Each structure stands twice: as C-alpha cells, then as structure tokens.
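Notes for the one structure printed next.
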Amino acid sequence: MTETEKLTWRAFAPEDFERAAGLLGRTWLPEFDEAPQRAASQIELAHYLAQTTWSLVAEREGEILGVVLLAERGREATDGDAWSELEARLTRTAEKDEALAEAVRVEMGGVREEAELEREYAADGPMGADAAVKLLIVSPDAKGMGLGGRLFSAALEHLHETGARGYHLLTDDSCDVGFYEHKGLTQATRRRSRAYWPGVDPETDEFYVYVYEQEL
C-alpha cells in the first residue's frame, strides 16, 4: 500500500483540534517558542473554525497531514458558537502570561488586518464573496504527495455542487502565492500591512496582504 493509499479523508472533528493546531503552529509559526506557538495557533485555528461551514482533513495513521476549511455565505458555521467561546477562553488564558499574550497579539493582529481587507473586498458583492477558503495547510511531512492540490480541488468541487458563483482567500507575502495563481486565481486587491508580523516591522518593512479570487 502506498502512502497516498493509507490516507483517510473526512470532515474536521472536534477531537482533531489539538493536532491541527500543532500542525498550524509548526508550519506557520516556527519563529515562536513552544508555549507561545501553541497558544497563538490554537486561538487562530478556533477563530477560523468559528466561521467554517465545510471542512476536509487528510489523515494517515492518526497523523493529520492536511486541512482545508471553507466559510460559505448564507450557511451556518458548524458549532460556530462553541469555537468562538473556545477562542475567547483561550485568549483570556493567554493574556495572563506576557510571552503568550505577545505571541497572540502579533499573530491575531495579522488575522484581524486580513479580515478588515476581506470586509472591504466583499462590500461591493463580488462573485468571490460567495465563499472563502479560511485555511489550507499541509504538513511538511507530506511533501510530494500532492495533498495541497487534492484538498483544494475537493473544496472547489463542493463549491461547484452548492452553486457558488466564486470564492476568495486571504494570503500574504509569507505564503507562496504562486500556488494560487497556478490554480487560476487572480489578485483582487492588496494592501501594505500595518500589522506586526513575525520578523516584520510595518514602519520599515514592505509586507503585503492580498485577496485572491476565482469565478466558478
């Protein structure tokens, strides 16, 4: 049996939270020490899950190798209130520790800036506002397995089935936007960041956040 054949594909479940947050932290927040990384990644993941209406997880022998989360306009998030409550509870706990609070401030500052850009983008009702890819993450351990493409394609298949006119996603200069351009998305808008990202000072560094969109 090949490594790809060992994969299980299923919807995100609450018991996936710790492992998925760990994957997010290791992949996106390597600059943070272990405890701040854990706090920031859990809060960020809970934030996205509070908006999630559809999800897909790629798992191999108990290890989560990839996750994609969608938020669809007009559809109710799965357990949205519970995830929002978890985000608030984790944030209150992190605020009691200076190092954790700083990591959360930096990471969620970027998330809030992207959300502001997203609201501006959606204000005119573009076709891409029908849905958003809130999270697409693949473990470095899955390199070469094509998981990113398979997760992305599954999400688009779902959107086609539901009749969405299009979708969008938020990204920034720390990501490989070439992947999205290869998938046919185009840049709808960009903004020079005013937030403090890991290793980025908005006063001196040019760091951009983007909305990419695609018509279906």
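The values are calculated or read from the model by the stated rules, or taken from the named source; none is laboratory data. If you're wondering where the values come from, they're calculated on a predicted model, not measured in any experiment. So basically every Cβ, Gly included, is an ideal-geometry build from the backbone, and we count neighbours across all protein chains shown. SASA here: full protein model, heavy atoms, side chains in, ligands and nucleic acids out. Shrake-Rupley method; radii C 1.70, N 1.55, O 1.52, S 1.80 Å.
Across 47, 160, the residue with the most accessible area heads the list, and the full order at a 1.4 Å probe is 160, 47. Taking every C-alpha pair closer than 8 Å and separated by at least 6 residues, the mean separation divided by the residue count of the chain gives a relative contact order of 20 percent. Each Lys and Arg Cβ is given +1 and each Asp and Glu Cβ -1; about its Cα centre, the chain then shows a dipole of about 400 debye.
Share of carbon and sulfur in the accessible area of segment 114-163 stands at 47%, probe radius 1.4 Å. Each Lys or Arg adds one and each Asp or Glu takes one away; over the other residues whose Cβ falls under 13 Å from the Cβ of residue 50, this sums to -4. May I ask for the percentage of alpha-carbon pairs in segment 1-87 that lie more than 20 Å from each other? When all Cα pairs of segment 1-87 are counted, 38 percent exceed 20 Å. Close amide H partners of residue 65, meaning residues 5 or more places away or on another chain with modelled amide H under 5 Å apart, are 58, 59, 60. Note on residue 11 and residue 96: the model spin-label points, each 7 Å out from Cα along the C-beta direction, lie 3.4 nm apart. Inter-label distance, residue 175 to residue 204: 2.8 nm, where each label sits 7 Å from its Cα along the C-beta direction.
Projecting the Cα positions of 138, 196, 186 onto the charge dipole of segment 110-216 (unit charges on Cβ atoms of Lys, Arg, Asp and Glu, taken about the Cα centre) puts 138 furthest along the positive direction. Coupling constants for segment 206-216 follow from the phi torsions by the Karplus curve (6.51 cos²θ - 1.76 cosθ + 1.60, θ = phi - 60°), and in residue order they are 8, 9, 10, 10, 9, 10, 10, 9, 8, 7, 9 Hz; glycine and proline get x.
With K and R counted +1 and D and E -1, the other residues having a Cβ less than 15 Å from that of residue 15 yield a net charge of -3. Across all directions, the shadow cast by the convex hull of the chain built on its C-alpha atoms averages 12.0 square nanometres.
Think of a 1.4 Å ball rolled over the protein heavy atoms: segment 28-161 then has 48 Å² of accessible area per residue. Springs between alpha-carbon pairs under 10 angstrom, Gaussian network model over the chain: which of 50, 188, 94 fluctuates most? Of 50, 188, 94, the most mobile in the Gaussian network model is 188.
Under 14 Å from a label point 7 Å along Cα→Cβ of residue 124: give me every residue in segment 175-190 with its amide N that close. Label zone hits: 187-190. The aspartates and glutamates within cross-link reach of residue 96, meaning a Cα-to-Cα straight distance under 18 Å and a gap of 8 or more places when in the same chain, are 33, 34, 44, 85, 87, 107.
Here's the picture: a label point sits 7 Å out from the Cα of residue 143 along the beta-carbon direction, and within segment 166-204 the residues with their amide nitrogen under 18 Å of it are 175-179.
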